[in-house]
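> Just passing along the structure, written as structure tokens.
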Amino acid sequence: MLIPRPTSYSTAPGNHELSAASAVHAPAEIADLLRELLSPATGLPLPDAAADTAELVFTLDSADTELSDEGYRLTVDGSGVRAVAGTPAGLRWAVQALRQLLPPEACGSTRADVAWRVPYAEITDRPRYPWRGVLIDVARWHQPVSWLRTVVDLLALHRMNVLHLHLTEDQGWRFEVRRYPRLTEVGARRRESPVGHENIKQADRTPHDGWYTQDELRELVAYAARRGVTVVPEIDLPGHTTAAIAAYPELGNDSAARLETGTRWGVYSTVLNCDDATVDFMRHVLDELVDVFPAAYVHLGGDEVPPGEWAANPAARERMAQLGLTDPEDLLGWWITVLADHLRTHGRRVVVWDELVKRGAPADAVVMAWRDEAKVAAALEAGHDVVATPQSHVYLDHAESDQAGEPLSIGGHSPLDRVYGYDPEPADAPDGGNRVIGVQGNLWGEYLPTVGRAAYSLLPRLSAIAEAGWGTRGEYADFRARLDVMLARFDALGVAYRRPEPLA
């Protein structure tokens, strides 16, 4: 009853019961992970032992060419549990598969009344896509690090490997930049927040603030890495930067204007200017960012950038003339290219939203196609690797039901069965070396002010996205049967979720 469903999975009569005498033979990081994940619930010490006496044997074998970088084989029989993978990443997923084979209580706190039986099984498993992720927006509403660790745990449980952390917005800057302290002293605080949808024009008259220190984020990155999850940071620019410009007005196109951190949702006309000093400012921000986040990718946003301020700014028009540009919207590509060049000196590859397609995106940029499914094929046609994340299917801030009684959402309608039915691979994908490298659900935060509200939108649709990313999507009824067991795991973890309606 695993989610995502393994590539190959067979069972046999019988089970192996773990006990206080059960020992582990595995690479140190995998043995530590087994104990970190299983001992709190089972109470079992899981000591190290030699391979010929251990009941849980996890082995690296780089000669097994049938397994991908993240693939693994897992066998449970009368002798115990044996896993083989070519990389530590594969062994980590074998640990999570074992965790799901155990009773759901294995995901909770100590239970002395549960027999820790593992059913006999033979699993060969590998993912379809190397990027299987979720975006968490902590810029609209700052959320505690404990919630981000819970999200990491949920990703790892689902054998998903990317946490995309959206750190900056018009309404809040959440990343500590030591060189520029006002980004958080000013930009992380807003005077009030909207109540209801934007057209209601009401506010809660309550200040909101919060940010993450670099040390907090380093700890999160290390926590995630132990579980096989990479944290990809996003600094959204050159739009969505009102909070930054409120902190440092010289970054804006009217340095005499005194903005405040955004207090309404929606798209702002405010954008960064195109001065050399502003480019250098953002280079320095990225220097500190990559020191905290070792991921190979950095997301630079690039979405929803109105060109009006550039068209009206003589300095921006002069920059256009220098570059031979005739459309101010093309300054978006210039901005991203300049910073992508800088990130490349750090060994990083840039990720952008799909507005950059045909607007001068760097050739090696990964495009997140979000506006509709057609943007996946368009980004591929333009020569980019693509993470498929269309709002029509995998925007998790959209309402899961259109029935009365649902909590306030940004809109949309993305029920569980639609999310589960999404295939990231477009039927008209062009031939070529570029490819869809993954799928991602996006949990934007405007209407998710609390951890409980965020969890309600995230779960259980995260389970459906996990199966799309692993590439083993099948019949929806079969998924729902397996989901019942996953919901019991959520209960053991103590996380909130939306209970799906019964199948007709």
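> Is it true that THR11 is closer than 16 Å to ILE123 by Cα, of a type in the set (Ser, Thr, Tyr), open to solvent by 60 Å² or more (accessible area, probe 1.4 Å) and assigned to a strand (DSSP E or B)?
yes
> Can you name every residue in the range 45-101 that is under 26 Å from the mean Cα position of the chain (by Cα), touching a residue at least 40 places away in the same chain (Cβ under 8 Å) and part of a loop (DSSP other than H, G, I, E, B)?
Matches in the range 45-101: LEU67, SER68, ASP69, GLU70, GLY71.
> Of all residues in the range 363-383, which are in a loop (DSSP other than H, G, I, E, B), out of contact with any Ser or Thr (no Cβ under 8 Å at 6 or more places or on another chain) and open to solvent by 10 Å² or more (accessible area, probe 1.4 Å)?
ALA363, ASP364, ARG371, ALA382, GLY383
> Just one of (1) surrounded by fewer than 17 Cβ atoms within 10 Å (Cβ to Cβ); (2) of a type outside the set (Val, Ile, Thr); (3) in contact with a strand residue (DSSP E or B) (Cβ under 9 Å, 6 or more places away or on another chain) trips up GLU29, so point out which.
(3)
> Of the numbered conditions (1) open to solvent by 10 Å² or more (accessible area, probe 1.4 Å); (2) touching a residue at least 24 places away in the same chain (Cβ under 8 Å); (3) closer than 28 Å to TYR268 by Cβ, PHE175 satisfies every one except a single condition; which is it?
Tallying (1) open to solvent by 10 Å² or more (accessible area, probe 1.4 Å); (2) touching a residue at least 24 places away in the same chain (Cβ under 8 Å); (3) closer than 28 Å to TYR268 by Cβ, PHE175 fails exactly one: (1).
> Is it true that GLY302 is in contact (Cβ under 8 Å) with a residue 24 or more places away in the chain and touching a Leu at 6+ places or on another chain (Cβ under 9 Å)?
Against the criterion (in contact (Cβ under 8 Å) with a residue 24 or more places away in the chain and touching a Leu at 6+ places or on another chain (Cβ under 9 Å)), GLY302 qualifies.
> Here is a further query. Restricting attention to the range 344-360, which residues are modelled with pLDDT of 95 or more and closer than 26 Å to PRO390 by Cβ? Walk me through it before giving the result.
Taking the range 344-360 and keeping what is modelled with pLDDT of 95 or more, we get 344-357.
Passing the criteria: ARG348, ARG349, VAL350, VAL351, VAL352, TRP353, ASP354, GLU355, LEU356, VAL357.
> Here's something else I'd like to know. If we keep just the residues of the range 407-452 that are of a type in the set (D, E, K, R) and surrounded by 13 or more Cβ atoms within 10 Å (Cβ to Cβ), which is farthest from ALA466 (Cα to Cα)? So that I can check it myself, show each step before the final result.
The initial filter retains those residues of the range 407-452 that are of a type in the set (D, E, K, R), namely 417-418, 423, 425, 428, 431, 435, 446.
Next, from what is left, pick out any that are surrounded by 13 or more Cβ atoms within 10 Å (Cβ to Cβ): 417-418, 423, 425, 435, 446.
Values: ASP417: 13, ARG418: 14, ASP423: 12, GLU425: 15, ARG435: 19, GLU446: 24 Å.
The residue in question is GLU446.
> I would also like to ask the following. For residues that are touching a residue at least 12 places away in the same chain (Cβ under 8 Å) and surrounded by fewer than 16 Cβ atoms within 10 Å (Cβ to Cβ), scanning just the range 112-129, find the one that is nearest to the chain's Cα centre (by Cα).
GLU122
> Report the residue count in the range 453-485 for those that are open to solvent by 30 Å² or more (accessible area, probe 1.4 Å) and of a type in the set (A, V, I, L, M).
Qualifying residue count, the range 453-485: 3.
> A further question on this structure: May I ask you to list the residues in the range 384-406 that are assigned to a loop (DSSP other than H, G, I, E, B) and open to solvent by 50 Å² or more (accessible area, probe 1.4 Å)?
Our first condition is that a residue be assigned to a loop (DSSP other than H, G, I, E, B); within the range 384-406, this holds for 384-385, 389-390, 396-406.
Those that are assigned to a loop (DSSP other than H, G, I, E, B) and open to solvent by 50 Å² or more (accessible area, probe 1.4 Å): ASP402, GLN403, ALA404, GLY405, GLU406.
> Taking the range 329-362 on its own, how many of its residues are without any contact (Cβ under 8 Å) to a residue 40 or more places away in the chain, open to solvent by less than 30 Å² (accessible area, probe 1.4 Å) and more than 23 Å from LEU135 (Cβ to Cβ)?
The total comes to 0.
Every residue, every condition in (1) farther than 21 Å from GLN440 by Cβ; (2) acidic (Asp, Glu), yes or no:
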{"site": "ARG227", "(1), (2)": "no, no"}
{"site": "ILE245", "(1), (2)": "yes, no"}
{"site": "PRO249", "(1), (2)": "yes, no"}
{"site": "GLY252", "(1), (2)": "yes, no"}
{"site": "TRP265", "(1), (2)": "yes, no"}
{"site": "GLU288", "(1), (2)": "yes, yes"}
{"site": "PRO294", "(1), (2)": "no, no"}
{"site": "ARG317", "(1), (2)": "yes, no"}
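> Would you check if there is a residue in the range 145-155 being in contact with a helix residue (DSSP H, G or I) (Cβ under 9 Å, 6 or more places away or on another chain), buried (at least 17 other Cβ atoms within 10 Å of the Cβ), in contact (Cβ under 8 Å) with a residue 40 or more places away in the chain and in a loop (DSSP other than H, G, I, E, B)?
no
> Looking only at the range 266-287, which residues are buried (at least 16 other Cβ atoms within 10 Å of the Cβ) and closer than 30 Å to ASN161 by Cα?
Answer for the range 266-287, where residues must be buried (at least 16 other Cβ atoms within 10 Å of the Cβ) and closer than 30 Å to ASN161 by Cα: MET282, VAL285, LEU286.
> Just to be sure, is ALA243 at negative phi, in a loop (DSSP other than H, G, I, E, B) and open to solvent by less than 60 Å² (accessible area, probe 1.4 Å)?
Numbers: at negative phi: yes; in a loop (DSSP other than H, G, I, E, B): no; open to solvent by less than 60 Å² (accessible area, probe 1.4 Å): yes.
So ALA243 fails the test.
> In the range 293-314, how many residues are surrounded by 15 or more Cβ atoms within 10 Å (Cβ to Cβ), among the hydrophobic types (A, V, I, L, M, F, W, C) and within 17 Å of the chain's Cα centre (by Cα)?
4
> PRO233 passes all but one of (1) assigned to a helix (DSSP H, G or I); (2) surrounded by 19 or more Cβ atoms within 10 Å (Cβ to Cβ); which number fails?
Against the list (1) assigned to a helix (DSSP H, G or I); (2) surrounded by 19 or more Cβ atoms within 10 Å (Cβ to Cβ), PRO233 comes up short only on (1).
> All but one of (1) polar (S, T, N, Q); (2) surrounded by fewer than 16 Cβ atoms within 10 Å (Cβ to Cβ); (3) touching a residue at least 24 places away in the same chain (Cβ under 8 Å) hold for SER22; state the number of the condition that does not hold.
(2)
The values are calculated or read from the model by the stated rules, or taken from the named source; none is laboratory data. Nothing here was measured: the structure is a model prediction, and the numbers come from that model. Neighbour counts are summed over all protein chains in view; Cβ atoms, including those assigned to glycine, are modelled from backbone coordinates with ideal geometry. To get the accessible areas, we keep the full protein, side chains included, count just its heavy atoms, and leave off ligands, DNA and RNA. Shrake-Rupley method; radii C 1.70, N 1.55, O 1.52, S 1.80 Å.
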